[in-house]
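What follows is a set of notes on a single structure, which appears directly below.
FYI, it's all coordinate maths here, none of it is from the lab. Everything numeric here is computed off the predicted structure, so don't read it as measured data. Ideal geometry is used to build each Cβ from the backbone, glycine not excepted, and the neighbour counts take in all protein chains shown.
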Amino acid sequence: MTKNYRKLTGDEILRLKNQSCVADDWTQVWVDERFTTEYVHHTRFSGEVKLGVFDTTFTLPGGIRKHSGLRHATLHNVTLGDNCCIENIRNYMANYEIGSHTFIGNVDVILVDGLTKFGNGVEAAVLNETGGREVLISDKLSAQQAYIMALYRHRPELIRRMKEITDSYSDKYASNIGKIGSHVMIVNTGAIKNVKMGDHCRIEGACRLENGSINSNEAAPVHVGNSVICEDFILSSGAHVDDGTVLSRCFVGQACRLGHNYSASDSLFFSNCQGENGEACAVFAGPFTVTHHKSTLLIAGMFSFMNAGSGSNQSNHMYKLGPIHQGAMERGAKTASDSYILWPARVGAFSLVMGRHVNHSDTSDLPFSYLIEQGNTTYLIPGVNLRSVGTIRDAQKWPKRDRRTDPNRLDCINYNLLSPYTIQKMLKGCAILKELRRVSGETSELYSYQSAKIKNSSLNKGLKFYQTAIHKFLGNSIIKRLEGIAFRSNEEIRQRLKPDTGTGTGEWVDISGLIAPKSEVEKLLCGIESGTINRLRCINEHFETMHRNYYIYEWTWAYHNIKEFYGIDPETLTAKDITGIVNAWKDAVVGLDRLLYEDARKEFSLSSMTGFGADGSHNEMKQDFEQVRGDFESNPFVTAVLKHIEEKTTLGNELICRMEKVR
């Protein structure tokens, strides 16, 4: 709503002068029609200034109350909303529009100097410190947009168009007037230059903020805390940056938390990332990338759903042509304490890295593996992470730890552990392992793959793990498709199994959290290249559509892989075939759950009780352990596994009963 302003009366000017206020030109000071001079003291006005009313009181921490108003401040070209309190501005405020109910106190300087884009259009040199994969940050940047801009450099027209679209957005919102929203609090802060701040933002004790956007809103406020320094940055809604964090040329996504002296340069952090104590340089941190420890360095890598152990480190510099090397840890990969990877390398999805690895291996087609170093050699244990309690626990906790409260979510996040993306890799993994066994012989003790060694027993177990997981995924898909329908004939079953769309066949990709058919991504990219898709908002909407249709596309993929995996043509499939598939599915689900059950039991073994009952007997050690950790059978994860076995067995049996009635 547009406010009506009036000029000050002669009497008001006189009262303001008596309250130690001065102005370069009193005719340039405009006020709300209901304005009174009572709460304006020791203030200097310069340029054009517009003031609202001062009717309310702020209650600050500790219970102190301060009335809205102006005290000990210099304002130059400032428009002030209703019921704000601005006091103790050591230098001045210049070129800002400020919303209502905002409190600004004990600040050095807040200004906009010339035309600025508030961090939009800043280039973050991710993955390669020397450049070549720059991502232009913006208020609308999503993990999926950034993935395309960083990695699809083999399509120069696409990159040119995306830069053009981002530049257009940045130019559209460029201004020489900054905005501070309503219900904002800025206290005990140093210099703020060329920064716009959304509603309900809190800045407390920050050192310096320059050239950036803080995209706070009522649903998802942003907090910037003590000793923070940010240059060329964007903080998305719900972000929390505190305790000495230093950011330079960084994008911080929705609900991210950075603190405890974390430092980052040329890095992107997308939804729900968490960084503490350590350092990031040229990092593409997809959703749920977490690093807590002081000695941890993430550099020139791409991550998502990743947890970095203490002392994790990577090298992107081989002392030849500079820091030009990069690497990727696919979704869900983890590093153990003191792990090291020499880039270039690629680690498969949901894999665990332990030890030091310098041989540039690519295990992307062998997901759910362990990479373990022994005697400077990388040993690969395929598929073993499928039986790990930690893997399942991670998959369960990520949706629960999504802290985004903004209804407008920038990133598309698919949490599925088993998907066409991971299952297609397992199918390739099975083929790779069988070929290794064929070429080197079934009795070989060691097999070589991608500069790594695979033991004979590990290879055979890996095949079983992958086949079990494929049975589980395809069986899940078929059971879900046939759920709740009483079939009378095989033809009815075949008709129900037919996909609703042709989209979903072929290769699938993980676009930093979004799992989608490559064909759909290709359509979007072609649309950008042709110019038919030419807004950042439109790009995000297309990714959102892919995300929303995931399960429709997933069934299409599963349907077309029934023949390859089971050797059954879905066009001639019968109720008897379904029964066989469901029995194999039951064995797979129950078998994996039994492995998880046994893996969980290790956490309650005698060796795990070491250090408990420090001054007592063996019995006291056991009692102390149970008081702290509980007993095995009542552990929530263990009871959930047992319940899962029971539920899935019942579900499978119910479908088999329906199949027996088909004539």
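Amide H neighbours of SER227 under 5 Å, counting only residues 5+ apart in sequence or on other chains, H built in-plane at 1.01 Å?
ALA206, CYS207, GLY244
Using unit Cβ charges (K, R positive; D, E negative) and no other charged atoms, how large, in debye to the nearest 20, is the dipole of the chain about its Cα centre?
Details: 76 positive and 76 negative charges, 233 e Å.
Roughly 1120 debye, rounded to the nearest 20.
Using the count of nearby Cβ atoms within 10 Å as a rough guide to exposure, how do TRP26, TRP555 rank from fewest to most?
Values: TRP26 16, TRP555 21.
Least crowded to most crowded, the residues run TRP26, TRP555.
Which of the listed residues, ILE528, GLN28, LEU595, is farthest toward the dipole's positive end in the chain, when Lys, Arg count +1 and Asp, Glu count -1 at the beta-carbon?
LEU595
If each DSSP helix of 4+ residues adds -39,500 (n - 2.57) and the sum is divided by the residues in the chain, what number results at 222 nm, nearest 500 deg cm²/dmol? If you can, show how the numbers build up before the last one.
Working: 13 runs with 209 residues, N = 663.
Rounded to the nearest 500, the figure is -10500 deg cm²/dmol.
Quick check for you: which residues of segment 475-495 have the amide N under 20 Å from the point 7 Å beyond the Cα of GLU571 toward its beta carbon?
490-495
Going by how many other beta carbons lie within 10 Å of each one, how would you line up GLU598, GLU373, fewest first? Working shown, then result.
Numbers: GLU598 11, GLU373 18.
Least crowded to most crowded, the residues run GLU598, GLU373.
Can you give me the long-range amide H partners of ALA23? Hydrogens built in the peptide plane at 1.01 Å from N, cutoff under 5 Å, separation of 5 or more residues or another chain.
PHE45
What is segment 424-575 by shape, rounded, prolate or oblate, if you read a ≥ b ≥ c off the alpha carbon gyration tensor as root eigenvalues and call it rounded for a/c under 1.5, prolate for a/b larger than b/c, and oblate otherwise?
On the way: a/c = 2.83, a/b = 1.24, b/c = 2.28.
Oblate, since a/c reaches 1.5 and b/c is not below a/b.
Please figure out what share of the DSSP beta bridges in the chain is antiparallel and state it in percent, rounded to the nearest 5. Before the final figure, lay out each step's value.
Numbers: 23 of 129 bridges.
Here the antiparallel bridges make up roughly 20 percent for the chain.
Could you give each residue of segment 188-193 its phi-based ³J(HN,Hα) in whole Hz, using Karplus coefficients 6.51, -1.76, 1.60 with θ = phi - 60°, and x for Gly or Pro?
Result, ordered by residue: 6, 10, x, 8, 10, 10 Hz.
With the dipole of the chain worked out from charges on the C-beta (+1 for Lys and Arg, -1 for Asp and Glu) around the Cα centre, which of HIS41, MET197, THR56 lies farthest toward the positive end?
About the Cα centre, the residue reaching furthest to the positive side is MET197.
How far apart, in nanometres, would the label points at HIS560 and THR130 be if each is projected 7 angstrom from Cα along the Cα-to-Cβ direction?
4.0 nm
In whole percent, what relative contact order does the chain give with Cα contacts below 8 Å and a gap of six or more residues? Walk me through the numbers before you get to the answer.
Values: 1592 pairs, mean separation 49.6, N = 663.
Reported relative contact order: 7 percent.
From the phi angles alone, apply the Karplus equation (6.51, -1.76, 1.60; θ = phi - 60°) to segment 287-298 and give each ³J(HN,Hα) in whole Hz, x where the residue is Gly or Pro.
Ordered by residue, 3J(HN,Hα) equals x, 6, 7, 10, 9, 10, 10, 4, 8, 8, 10, 9 Hz.
Could you pull out the pairs from LYS518/LYS576; LYS397/LYS425; LYS498/LYS586; LYS464/LYS523 whose alpha carbons sit more than 26 Å apart here?
Working: LYS518/LYS576 34 Å; LYS397/LYS425 24 Å; LYS498/LYS586 23 Å; LYS464/LYS523 37 Å.
Violating the 26 Å Cα-Cα cut-off are LYS518/LYS576; LYS464/LYS523.
Given a Förster radius of 35 Å and the C-beta distance between THR650 and TYR551 as r, what FRET efficiency does 1/(1 + (r/R0)^6) yield to the nearest 0.05? Please report the intermediate quantities before stating the final value.
Values: r = 23 Å, r/R0 = 0.64.
Approximately 0.95, to the nearest 0.05.
Report the relative contact order of segment 73-226, percent, no decimals, based on alpha-carbon pairs under 8 angstrom and at least 6 residues apart. Present the calculation step by step, with values, prior to reporting the outcome.
Numbers: 370 pairs, mean separation 35.3, N = 154.
Rounded, it is 23 percent for segment 73-226.
Segment 314-397: which chymotrypsin sites (Phe, Trp or Tyr not before Pro) are DSSP loop and have at most 14 other beta-carbon atoms within 10 angstrom? Walk me through the numbers on the way to the answer.
Details: sites: TYR319, TYR340, PHE350, PHE368, TYR370, TYR379; in loops: TYR319, PHE350, PHE368.
Within segment 314-397, the qualifying chymotrypsin sites (Phe, Trp or Tyr not before Pro) (loop, at most 14 other Cβ atoms within 10 Å) are TYR319.
Tell me the Kirkwood radius of segment 210-316: reciprocal of the mean inverse pair distance over distinct alpha-carbon atoms, in Å. All intermediate terms of the calculation are to be shown ahead of the outcome.
Working: mean 1/r = 0.0760 Å⁻¹.
About 13.2 Å for segment 210-316.
Show the residues, 5+ positions off or on another chain, whose built amide H is closer than 5 Å to the amide H of GLN274.
For GLN274, whose amide H was placed from the backbone, the distant partners under 5 Å are ARG257, THR289, VAL290, THR291.
Mind running the shape call on segment 267-376? Use the C-alpha gyration tensor, a ≥ b ≥ c as the square roots of the eigenvalues: rounded below 1.5 for a/c, prolate if a/b tops b/c, oblate otherwise. All intermediate terms of the calculation are to be shown ahead of the outcome.
Values: a/c = 1.36, a/b = 1.12, b/c = 1.21.
Note, shape of segment 267-376 comes out rounded.
Between segment 376-442 and segment 88-127, how far is it from one alpha carbon centroid to the other, in angstrom?
Measuring centre to centre over Cα atoms gives 43 Å.
Apply the Karplus curve 6.51 cos²θ - 1.76 cosθ + 1.60, θ = phi - 60°, to the phi angles in segment 69-77 and return the couplings in whole Hz, x for Gly and Pro.
Here the 3J(HN,Hα) series is x, 10, 8, 6, 9, 10, 10, 10, 6 Hz.
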